[in-house]
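What follows is calculated from the coordinates using simple rules that are stated; it is not laboratory data. Note that the coordinates shown come from a computational prediction; the quantities given were computed from them, not determined experimentally. Using ideal geometry, Cβ is built from the backbone for each residue, glycine included, and neighbour counts are taken over all protein chains shown.
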Amino acid sequence: MLLRRMTPAVSVIAGLAVLGPACGSASNDADGTAAAATTRPGTIPGASKLDVSSLTDRQLAGQRVIATFRDTGTPGPQLRRLIRRGELAGVILFSREAPDIAAARRLADQLQAEARRSPLPLPLLVMIDQEGGDGRTTGARRLRDAPPRRSAAQMGAAGTATARASGREAGRALRRAGVNVNLAPVADVGRAGAALRREGRTFGSSVRAVGRLTAAFVTGQRSSGVASTLKHFPGFGAARVNTDDAPARIGLSTSTLRRVDEAAFVPGLKAGAKLVMLSNAVYPALDTLPATLSRRIAHTELRTRLRFGGVSVSDDLEATGLNRYGSPATRALRSARAGVDLVLLGRRASSAVAAHERLTAAVTDGRVPRAQAEAAARRVLALRSSLRAGG
C-alpha cells in the first residue's frame, strides 16, 4: 500500500538534510506527541515538509519494527515485501547470516536497494551488536573480522583514549559492512556477581567511570557516522542472569537506580548517542512490568526525567525472560503502547511480520493512538534520514 499524497513526500525525502544528535530537549512533551515550537504538528524535525499524517496505518506501524532473519539465513519474501512497501524500519544482523564484513555488506546492500525503491526511500536501520571482545560472550563481536578486539571490561581497564579509539574503529568497520546502527555501548554499572560482569560487557563498577568511558566510545563511533545505542535502561548491571535465558528482577531502590544506574547514561546522551535500549528486566521499585513493557520507565524515567528526545528501542522481545507476557506480537504491542519507539524481534522473521500486523490493527482501531504512532514515526524517520545506507 502506498502513501497517501505520495508524490510530494517522495520528492522531499530525496533531499533530506543530515540531522544533528538526537538528544533530549524541552520541546518534546512526555508522550513525544507535541512537536517542537518551530515544527508543524506531524512533521519530522529537520525535514519539515515531510508530514507523517500522509503515512498509512501499515507504514506507521512498520516504522516501529526491527526484524531478524537469523532463523531463515536470508531475508524472505515477506520481509522484502514490507521493505518495498515502506513498512519496516530496519533489520538486526547476527553471526549466522552475517559472519564477517563482506557478508554483512552484501546483505545490507540488497536490503537498502529494496528500501530505495519503496515509497519511503530512506536508509533502513541496519543494526548489529558489536560491543567488543573475543566473540564468546553474549552480545560481543558479531562480525568476526571487525573491531573492537577488546571487551568493554578491557577498554575500561585501558582508559578513555582506548574506548574512544575502539568506538572509532568499530564505526569505521561497521560502515564498511553497511551497518549504520551499533547496539552498543553498554552503559550499565556492573556489580559483583552480575551477569554482565561475568561476560566482560561493562566498562566498570563506578558510575563516573562508566559514564566517562561510555561517552568516549560514543564520541569515537559518532566520528565514523554510525549511530550508538546506550543499553540497557534503566540499568542492567545488577542482574544475576541474562534475560535472553531467564527472567531477571533487579531489586534496587528508586533512589539508587536514578543516582547510579540512570545517571551513567547521561554522559553518553550528551556525547550524541541517538538511541537508548530498554532492559527486559523487572524493576519493582519502578514498576511490576519489565522496563521494555513499562510506560513508567520508557516514558517517565527516560523521556521526562532524562529528557531524551531520540529513539528508544526494546531489547529482544523474543527473549526467554519475557515468555510470561504473551506472544512476541503481543509483547510488541505492549512495548509500543508503553511508549517504546522500536520493537526488536530477534529470533524469528515470522515474529516481526506478526508484530507488524498486530501494530497495524492497533493503530487502526485506536489501541495505539495515531498521535502516539506519528510521534514515534517522526523520531524513527528523523534517525533514518540522518544516517547513510552504507560506507
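A few points about this structure:
- Gained length - Thr364 relative to Phe94, 0.36 nm times residue gap less alpha-carbon distance: 93.9 nm
- Averaging the sequence gap over all C-alpha pairs within less than 8 Å and six or more residues apart, then dividing by the number of residues, gives the range 45-386 a relative contact order of 19 percent.
- For Leu252, Leu124, order by how many other beta-carbon atoms lie within 10 Å, fewest first: Leu252, Leu124
- Calculated FRET value between Arg144 and Arg307, using beta carbons and R₀ = 22 Å, to 0.05: 0.05
- A straight chain from Thr256 to Gln78 at 0.36 nm per residue would run longer than the Cα-Cα distance by 59.6 nm.
- Taking a ≥ b ≥ c as the square roots of the eigenvalues of the Cα gyration tensor, an a/c ratio below 1.5 marks the range 181-327 as rounded.
- Normalising by residue count, the range 277-325 has a Cα convex hull of 63 Å³ per residue.
- Placing a pseudo-label 7 Å from each Cα along the Cα-to-Cβ vector at Ser205 and Arg106 gives an inter-label distance of 4.6 nm.
- Residue order, fewest to most beta carbons within 10 Å, for Ser327, Ser224, Ser312: Ser327, Ser224, Ser312
- Considering only beta bridges that DSSP places wholly inside the range 45-386, some 10 percent are antiparallel.
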